[in-house]
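A short write-up of the structure that comes next.
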Amino acid sequence: MPSGKKGKSTPVARQKAVPSKRKNARIVSTRHAKKPSKRVVTLDRRTSHNRSRAAYRKVSLRRSVPVVPRYSFGDLAGLKNTYDPLSLKSNAALVLDESNLEILFEKNSDIALPMASITKLMTALVVVESMQDMNEILEITEEDVDVQKHTSSRLRVGTKMTRANLLHLALMSSENRAAAALGRNYPGGISAFVNAMNIKAQVLGMSDSRYVDSSGLSSGNIASARDLAKLVMAAAQYPILRKYSTDTYYSIDDGLREMHYGNTNGLVHNPEWHIRLQKTGYISEAGQCLVMQAVINGRPIVMVFLDSKGKGARLADAQRIRSWLTQSETSITEPRV
């Protein structure tokens, strides 16, 4: 019988072997046989038994280790118990008509929560308003690598591209290294850039907001839904931010290969939606987040969803709000929280 050790084999039995139809039959090496050209099929019951026991122990180990659920900041604050008539999956939300600033729906809208990559919308606003050269070539360095969440990126260290392309990827595909490079290449470096982000927040009246980086990877980037509605309206004034955030696909040649990127918001592909500006975000502390400015029934509507639960839940919340708004003009004033 084979020893069961990987890479080794034992002499083949002299009796004539009959090929087995059993599932755990395997090919045994004929290195020590008189006729090496023959391949003899034997049955390795001991190896099969050991494998079964190992698999059982592995499954038992998995079952014995308790699964620790990840709670967002909103969950820890008890926001998931908040009732709302539309049964949104988001712990915080705000919907307003930008034409008259009328709040149509709100849910925990004044509570500051981690905003994840929604942070990049402020990053983009600061970059555009600083009047930096969009055609300047910037390089991705080790400083742009995420050592906090260890997120991956196709922008390898040493990649060079224009500031415009980095801004495009940061908004459309939520590229973390692109956002980090944008902040690092601000006059005075990343610390000066973060300071500019916080100053801009104060100017916009975002009193519940705080920024600590340009990518949103830190849970220290916080804002309320009311604050983010102000940010959306400010960013939507710039055509370049509207275009970059709502592009469906974009391709970039880094000199070695062509890379294809897609939008992180599936609703931009839906012809029933007229989205003028959007940004998605996610880290475990923040849950699924989404901000948008969309035209619904001819009206500019700002939507903010923070700390949504489940894959696709933030998009489902947006669809639910859109359906509610399009039902009838009379229904618009009914659900209020």
- Output the qualifying pairs, or none if there are none: Cβ atoms under 6 angstrom, residues six or more apart or on different chains, first residue in the range 166-193 and under 17 Å from THR248 (Cβ atoms), second residue surrounded by fewer than 24 Cβ atoms within 10 Å (Cβ to Cβ) and acidic (Asp, Glu). MET172/ASP247
- Within the range 286-306, the residues that are touching a Ser or Thr at 6+ places or on another chain (Cβ under 7 Å), surrounded by fewer than 22 Cβ atoms within 10 Å (Cβ to Cβ) and either not in a strand (DSSP E or B) or not hydrophobic (A, V, I, L, M, F, W, C) (or both) are ASN297, ARG299, PRO300
- Quick one: how many residues across the range 152-209 are of a type in the set (Lys, Arg), touching a Gly at 6+ places or on another chain (Cβ under 8 Å) and crowded, with 24+ Cβ neighbours inside 10 Å? 0
- If we keep just the residues of the range 226-248 that are hydrophobic (A, V, I, L, M, F, W, C) and over 26 Å from ASN91 (Cα atoms), which is surrounded by the most Cβ atoms within 10 Å (Cβ to Cβ)? LEU241
- Evaluate the range 192-204: report whether one residue or more is more than 23 Å from the chain's Cα centre (by Cα), assigned by TED's automatic domain parsing to the domain that holds GLU139 and charged (D, E, K, R). yes
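Condition check ((1) farther than 26 Å from GLY287 by Cα; (2) among the hydrophobic types (A, V, I, L, M, F, W, C); (3) in contact (Cβ under 8 Å) with a residue 12 or more places away in the chain) across all residues:
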site	(1), (2), (3)
LEU88	no, yes, yes
ASN91	no, no, yes
LEU94	no, yes, yes
ASN100	yes, no, no
GLU106	no, no, yes
SER109	no, no, yes
ILE118	no, yes, yes
GLU129	yes, no, yes
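The values are calculated or read from the model by the stated rules, or taken from the named source; none is laboratory data. The model shown is predicted, which means the values in this text are computed figures rather than measured ones. A quick note on method: Cβ atoms are made from the backbone with ideal geometry, for glycine too, and the neighbour counts reach across all protein chains shown.
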